[in-house]
Amino acid sequence: MDQVIIKAFTSYPLVTAFVLVGVITWIAGIISKAMGNRIAGSAVAIVIGLILSYIGGVMTGGSKGLSDVSLFSGLALLGGSVFRDFAIVSTAFGARLEELKKAGLPGAASLVVSVIVSITIGAAVGLAFGYTDPVSLATIAGGATTFIVGPVTGAALGASSDVIALSIAAGVVKSIAIMIMTPLVAKRVGLDNPQAAAVYGGLMGSTSGVAAGLAATDPKLVPYGALTATFYTGFGCLVCPSIGYIVLAAIFG
Amino acid sequence: MVIYGLALMGGCMIVGSFIGRSLGWLLGINADVGGVGFAMLFLVVVGQRLMDKDQLSKAAQSGIAFWSAMYIPVVIAMCGTQNVVAALTGGPLAFIAGLGTVVAGFLLIKPISALGGKSEPVDSAANKQKGAAE
């Protein structure tokens, strides 16, 4: 009988994920209502997802949150890059071209500024914690850009594995902080129009962070923010191990 | 046909991914540089053109609209796959570096937005469009 029950839940992983996300959304709606709708249901659902992810991570010791629990493996399908990117692209349908054109210059500027700022902050924090060699500093700086740029930089420069792990952790902190903080500060930082969303996407960079942050703030802003964010990781992978490293090596080499 | 909407989106994604990968290859990095972003630009341009010529049926549009509506559920599922344990156990260096860049980012939104022209909040813009249509 046990086997029958387990099989019923695990035979269709993607379908189980639909049910789970449906239940999370329903509970989040109730919580949001109980709090007087001050925080959007989607924002509550995102936090519930992150808490479940933590529980899953502690239970299994894996790196993919709740989806490492075999019962919920379908989450990795539904929340994986295929569906995520497909859904992001679909939001572009109905976006206004003239708004995108207006956001072009500030969006591009935000990408460049953000990579410079992230590398500077990452390297400064690394320095404060006692790392002085340019390879480690560039790797930590990469992690402060996104959790993909960190290991890419570390692998390219031959950083030690604990520094690479540290850079990934910094990037994950960044992307989760974006998810949680965005709906809370959106009004105060002026994130309420397409152009600000494009700038926000370029400044934050993490595709998953931006995707969740805007979903919890205002889904209408998603296409503008996601568009610039998708250029960020590639741009960071280009700049960090090359120009970033050269500058750091010139200062600390 | 619903599938036409999905095929249109899929086509945009394949072309976008090709451009993103080619850019990465030209720059000498094994990464997709903005593939999804290019796909979105194509969908905006091609979608608008097809709509203007009235060549995108209601059913085809609903195929795209379905995925657009699935965006938040997909994001919730994605949150369920994050490595939250690594974030919480990464230590103070990871915390300060990660959080510091996010805070700096938020502070920079207003000054950099000022580079472009004035942009209206989505709500009022949408209302105005609606008003013009009525």
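Miscellaneous remarks
- Qualifying residue in segment A:201-212 (condition: in contact with a Gly (Cβ under 8 Å, 6 or more places away or on another chain), closer than 19 Å to A:G234 by Cα and within 7 Å of chain B (Cβ to nearest Cβ)): yes
- The helices (runs of 4 or more DSSP H) falling completely within segment B:47-100 that include 2 or more residues that are open to solvent by 20 Å² or more (accessible area, probe 1.4 Å) and under 18 Å from A:S42 (Cβ atoms) map to B:58-69, B:71-79.
- Qualifying residue in segment A:230-251 (condition: in a loop (DSSP other than H, G, I, E, B) and either modelled with pLDDT under 90 or not assigned by TED's automatic domain parsing to the domain that holds A:K64 (or both)): no
- Candidates A:A17, A:A28: the one that is touching a Leu at 6+ places or on another chain (Cβ under 8 Å), within 10 Å of chain B (Cβ to nearest Cβ) and of a type in the set (A, V, I, L, M) is A:A17.
- Exactly one residue among B:G47, B:G34, B:G10 is closer than 30 Å to A:S242 by Cα and either small (G, A, S) or at the interface with chain A (Cβ under 9 Å from one of its Cβ atoms) (or both), and that residue is B:G34.
- Count of segment A:38-76 residues which are among the β-branched types (V, I, T) and in contact (Cβ under 8 Å) with a residue 12 or more places away in the chain: 6
- Total residues in segment A:165-182, condition touching a Leu at 6+ places or on another chain (Cβ under 9 Å), more than 7 Å from every other protein chain (Cβ to nearest Cβ) and open to solvent by 10 Å² or more (accessible area, probe 1.4 Å): 1
- Selected residue (only one of B:L27, B:L41 is within 7 Å of another protein chain (Cβ to nearest Cβ) and open to solvent by 50 Å² or more (accessible area, probe 1.4 Å)): B:L27
- Screening B:G20 against (1) over 17 Å from the mean Cα position of the chain (by Cα); (2) in a helix (DSSP H, G or I) leaves a single unmet condition, (1).
- Unique residue being hydrophobic (A, V, I, L, M, F, W, C), at pLDDT below 90 and farther than 16 Å from B:C79 by Cα when the list is A:I31, A:I39: A:I39
- Enumeration of residues in segment B:23-42 that are out of contact with any Leu (no Cβ under 7 Å at 6 or more places or on another chain) and either part of a helix (DSSP H, G or I) or of a type in the set (A, V, I, L, M, F, W, C) (or both): B:L23, B:G24, B:W25, B:L26, B:A31, B:G35, B:V36, B:F38, B:A39, B:L41, B:F42
- Unmet criterion (only one of (1) modelled with pLDDT under 90; (2) at the interface with chain B (Cβ under 8 Å from one of its Cβ atoms)) for A:E98: (2)
The values are calculated or read from the model by the stated rules, or taken from the named source; none is laboratory data. Predicted model only: the values in this text are computed from it and were never measured. All Cβ positions, even for glycine, are placed from backbone atoms using ideal geometry, and neighbour counts span all protein chains on display. Accessible surface is based on the protein model in full, side chains and every heavy atom, while ligands, DNA and RNA are left aside. Shrake-Rupley method; radii C 1.70, N 1.55, O 1.52, S 1.80 Å.
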